[in-house]
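Colleague: The structure under discussion is supplied below as structure tokens; questions concerning it will follow.
The values are calculated or read from the model by the stated rules, or taken from the named source; none is laboratory data. A quick note: this is a predicted structure, and the numbers were derived from the prediction, not measured. Note: ideal-geometry Cβ built from the backbone for every residue, glycine included; neighbour counts use all protein chains shown.
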Amino acid sequence: MFNIVENYMELKKNMSALINKSGYKNAFLAEQIGIPAPSFSVKKQRGNWTETEMKQILDIIENEKLEDFFFLELMRAEKDEPRHPVSDLKKEMGW
């Protein structure tokens, strides 16, 4: 569960970069999700998207290239995280 929340937070943090990488113009995306272009620009700067807005944007811009970019960003963010072998987890769980 914790990993899901971390991935969501990382996605929200990277929405601006994903939008930029997508090639879509802010005005077009703003119109598609039904908010004024200036509000879209502010949200893009602050990263204060709602879950609904994020889903609507991703429905428009999502493609394999963007997914690869996002997963690369996730991997970079997790590179300093400690790694534990599965055997340690099994011992801890009593398996």
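Colleague: Taking region 9-25 as the region of interest, how many residues are surrounded by 14 or more Cβ atoms within 10 Å (Cβ to Cβ) and among the basic types (K, R)?
Modeller: 2
Colleague: For F70, which of the numbered conditions (1) surrounded by 11 or more Cβ atoms within 10 Å (Cβ to Cβ); (2) at pLDDT 75 or above fails to hold?
Modeller: Status for F70: all satisfied but (2).
Colleague: Please enumerate the residues belonging to region 75-90 that are of a type outside the set (G, A, S) and modelled with pLDDT of 75 or more.
Modeller: M75, R76
Colleague: Just checking, how many residues over region 34-45 are assigned to a helix (DSSP H, G or I) and touching a residue at least 12 places away in the same chain (Cβ under 8 Å)?
Modeller: If we filter region 34-45 for residues that are assigned to a helix (DSSP H, G or I), which is where we start, we get 37-45.
Adding the requirement that they be touching a residue at least 12 places away in the same chain (Cβ under 8 Å) leaves 40-41, 44-45.
Qualifying residue count for the region: 4.
Colleague: Which pairs turn up if I take residues in region 6-33 that are over 16 Å from E78 (Cα atoms) and look for partners that are surrounded by 14 or more Cβ atoms within 10 Å (Cβ to Cβ) and of a type in the set (D, E, K, R) with beta carbon separation below 7 Å, at least 6 apart in sequence or on another chain?
Modeller: Every condition considered, the pairs that remain are S16/K44; I19/K44; N26/K44; I33/E53.
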